[in-house]
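One structure is given below, encoded as structure tokens.
The values are calculated or read from the model by the stated rules, or taken from the named source; none is laboratory data. For clarity, every value in this text was computed on a predicted model and none was experimentally measured. Counting neighbours? That spans all protein chains shown, and the Cβs are built from the backbone with ideal geometry, glycine included.
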Amino acid sequence: MALSPNPFTPTFGKRPHVLAGRNDLLQEIEYALRTGGGDPNLCSLFVGSRGVGKTVLLSYVASEAAKYGWVSANVTARPGMLEDILERATEAADSYVKAQGRARLTSITVSALFGATWEYRDPKSGNWRTRMNRLLDTLEEHGIGLLITVDEVDPTLSELIDFAAVYQHFVREDRRIALFMAGLPANVSALLSDKTASFLRRAAQHQLGRIEDEDVAVAFRETIESSGKTIEDDALNEAVSAADGFAYMMQLVGFRTWQAVGERDVIEKEDVFRGAKSARNDFIDGVVKKTCEELSDGDLAFLEAMMPDGGASSKLADIAKRMGKTANYVRVYKTRLLEQGVIAARRRGEVTFEMPWLYEYLVEKV
Ligand SMILES: Nc1ncnc2c1ncn2[C@@H]1O[C@H](COP(=O)(O)OP(=O)(O)O)[C@@H](O)[C@H]1O
Ligand SMILES: [Mg+2]
């Protein structure tokens, strides 16, 4: 008998079957896309650590936007992104018109709309801004807005800085345009400190973090049940606690558990134990190690000074003492690590490890 297809999606950038949580945020964004105009959410930054669900959110929002009359150009911040925005926008506009064509534009053919009149297809006719203006004009004539999404914000990419500068003009010119960007906290804050990109400081910043346990539970259950299995209550609780509110971890736990269950229809606690164990290793490889590689020596020294507290909360005063540094020095690293979603500060003067398995990984490493 064939095994039923595994419905979990532990792959970066892959849309999950059920999007867990994020309801309030999505509502805000949806409202902005519906009303348009000066809503500050039309220029939004999604910020969070690796695996938190930024890319998925960008692609979800882009596909929702189509319902409200926006076409989207989805790109990654890398050399060539400006050309890519033009190409993707054209492509999206073409397919939007094809889809809407029958209902709204009965007498006009797609090629009449987007073929002959769209000179921006000729790369020699004007610079990027000129060609974008032409594209935006044409879209506007048909009541369509352009949403640009930029993933993996990279503050060292000059094209991104140029883009931000030009985008500012589109906003000033009152164009029907929206921009959603996503990136790791350190990269976003570096971008915002660039003078040329300073207008982005006014963008709505959305910190993505843990998803509520109840939302994770609902998403687990729906994903499982829509794919022909069920899960026992205590097994579900176990899965939720293993996921620990982390989007990527949730998919890993689900995926590995589904593997452990094999052909059986009911997921039991034992299956989740086995699944969570392999998920933990995947998570360390995919997230924890990579995050540690990106930390500075000072960041790592700070984390090391937290270790003697055994993974429970650490007092900043103790950390300073162990590092042999002043409170001010320590505060700098605390802020950096907080920003990166590595630690959390739930009580005054104290910090805890925020990223799952980070403490365990560091224990094993030293
Ligand atoms: N809201 C969510 N609910 C459930 N799974 C999610 C959610 N957001 C992301 N995921 C899953 O988490 C993983 C990481 O998502 P991704 O968007 O690539 O993260 P990021 O871009 O922040 O590194 C993927 O496996 C994806 O399927
Ligand atoms: Mg991503």
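Points worth noting:
- Residues located in the range 200-229, provided they are under 19 Å from Leu252 (Cα atoms), at pLDDT below 95 and of a type in the set (Lys, Arg): Arg210
- Hits in the range 1-38 - residues which are surrounded by 15 or more Cβ atoms within 10 Å (Cβ to Cβ) and touching a strand residue (DSSP E or B) at 6+ places or on another chain (Cβ under 9 Å): Leu25, Glu28, Ile29, Ala32, Leu33, Gly36
- For the residues Leu160, Leu184, Leu200, the requirement of being closer than 25 Å to Gly37 by Cβ and hydrophobic (A, V, I, L, M, F, W, C) singles out Leu200.
- Subset of the range 206-244 [within 15 Å of ligand 1 (Cβ to nearest atom) and outside any helix (DSSP H, G or I)]: His206, Gln207, Leu208, Gly209, Arg210, Ile211, Glu212, Ser226, Ser227, Asp244
- Residue pairs whose Cβ atoms lie under 7 Å apart, sitting 6 or more positions apart in sequence or on different chains, and linking a residue in the range 289-314 that is exposed (fewer than 12 other Cβ atoms within 10 Å of the Cβ) to a partner that is at pLDDT 95 or above and part of a loop (DSSP other than H, G, I, E, B), do not occur here.
- Complete set of residues in the range 196-244 that are over 25 Å from Ala260 (Cα atoms), touching a strand residue (DSSP E or B) at 6+ places or on another chain (Cβ under 8 Å) and small (Gly, Ala, Ser): Ala203, Ala204
- Highlighted here are the helices (runs of 4 or more DSSP H) found entirely within the range 5-108 that include at least 1 residues which are modelled with pLDDT of 95 or more, closer than 27 Å to Thr291 by Cα and away from ligand 1 (no atom under 15 Å from the Cβ): 81-104.
- Taking the range 32-55 as the range and being in contact with a helix residue (DSSP H, G or I) (Cβ under 7 Å, 6 or more places away or on another chain) and within 10 Å of ligand 2 (Cβ to nearest atom) as the test, the residues that pass are Phe46, Gly48, Arg50, Gly51, Val52, Gly53.
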